[in-house]
Amino acid sequence: MGPPPPVAAVRLAVRQALRVLEPDRTVLVACSGGADSLALAAALAHEARHEPDRRAGAVTVDHGLQPGSAARARSVAAHLVAAGLDPVETVHLRVAGPDGPEGAARRARREALESTARRHGDAAVLLGHTRDDQAETVLLGLARGSGARSLGGMAPVTGRWLRPLLGLPRDAVRGAAPVDESRELPWEDPHNDDPSYARSRLRHRVLPVLEAELGPGIAAALARSADLLRDDADALDAWAAGVPADPEGLDVAALAALPPAVRRRVLRRAALGAGSPATDLTAAHVRAVEALVTGWRGQSWVDLPGGVRARREGARVRLV
């Protein structure tokens, strides 16, 4: 027996995701009007009809980065209403930021979705990332020299964020997307084909070469690797979280006895707890603090982002 038809596969994935939620909890799908998110929205609307207590809605975000984006967002919202989703909200943004339009748009979209979900009673939010998106995320992490947490990619469930389609290939998901009568939807974001973006180059140049040279199934293999690494990272994080905190500082001997992967997690957690921003705290910062434990030659302190200082005081390391 072959794989289920695309529509059935997407509906099943959404059905399984909804099972982890309370029956009366509102669910919102983030829908850009692209094929992936339209398929997800259609599946949510279908599944919600079989759950009388479930309120299922949608949010579409207009980043204002292309001409006609506001009109397109209104068209997407009208499609979602016609599909039976309620509430349907449209958020208009003007994206700007120091890390370029891609990073700024991602951050602004996340904040808009978070705010909308809170207004609707701590709603869960479905995101349309596929197995291919997961593979791209892993390769980008490899290129940056990231650790196991980053190489673990995107989790199926993170707080209010659910990604039901991570186990499905992009082609299958797109095969489940409904076509709007006007033929305006699904919409293809031109950024997805813009070679100035690393993810676009990865999608259209790098992955096809890997498939050609190493054989088919690269995306699925990378996604499996992400699952394994995420499990490992979860276990190491749990071990580090079990190391008792001491207001007088971290015991150097106890830290030195820990495996490096656990020790660095303890130090990172301590730095964050002292006020160092997660967005600015890098692996290099953590290794510099670690040197106060494993490579101490009289140096007294390490300055960290956020005005935090890690100081070696005798047999302890304090972060203040």
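The values are calculated or read from the model by the stated rules, or taken from the named source; none is laboratory data. This structure is a prediction, so every number in the text was calculated from the model and none was measured. Note that we place each Cβ from the backbone using ideal geometry, even for glycine, and neighbour counts take in every protein chain shown. Calculation scope for accessible area: heavy atoms of the full protein, side chains included, ligands and nucleic acids excluded. Shrake-Rupley method; radii C 1.70, N 1.55, O 1.52, S 1.80 Å.
For the chain, adding -39500 (n - 2.57) for each run of n ≥ 4 DSSP H residues and dividing by the number of residues yields -15000 deg cm²/dmol at 222 nm.
For the stretch 157-281, what is the convex hull (Cα atoms) projected area averaged across all directions, in square nanometres?
On the way: hull surface 49.6 nm².
Convex hull of Cα atoms, orientation-averaged projection: 12.4 nm².
Backbone geometry of the stretch 250-257 corresponds, through the Karplus equation with coefficients 6.51, -1.76 and 1.60 at θ = phi - 60°, to 3J(HN,Hα) couplings of 8, 6, 4, 5, 5, 5, 5, 7 Hz, x marking Gly and Pro. Taking a ≥ b ≥ c as the square roots of the Cα gyration tensor eigenvalues, with a/c under 1.5 meaning rounded and otherwise prolate when a/b beats b/c, else oblate, which class fits the stretch 140-203? It comes out oblate by the Cα gyration axes.
If you take the Cα atoms of the stretch 233-320, find Rg, then find the Kirkwood Rh from the mean of 1/r over all pairs, what is Rg/Rh?
Working: Rg = 11.7 Å, Rh = 12.8 Å.
A ratio of 0.92.
Tally Lys and Arg at +1 and Asp and Glu at -1 over the other residues with C-beta under 15 Å from the C-beta of E114: what net charge comes out?
Values: positive: R106, R107, R109, R110, R118, R119, R160; negative: E89, E111, D122.
Neighbourhood net charge equals +4.
Students sometimes get this wrong: rank H79, H129, H204 by accessible area, probe 1.4 Å, all chains present, largest first.
Values: H79 35, H129 60, H204 90 Å².
Result of the area sort, largest leading: H204, H129, H79.
Value of Rg to Rh for the chain, rounded to two decimals, is 1.03; Kirkwood radius and Rg both from alpha-carbon coordinates. Each 10 Å bin, from zero up to the one with the longest distance, holds this percent of the alpha carbon pairs of the stretch 20-176: 11, 36, 39, 13, 1.
For the stretch 12-71, just say rounded, prolate or oblate: build the C-alpha gyration tensor, square-root its eigenvalues into a ≥ b ≥ c, call rounded for a/c under 1.5, and beyond that prolate if a/b exceeds b/c, oblate if not. Mind dumping the intermediate values first?
Numbers: a/c = 2.98, a/b = 2.27, b/c = 1.31.
It is prolate, given that a/c is not under 1.5 and a/b is the larger ratio.
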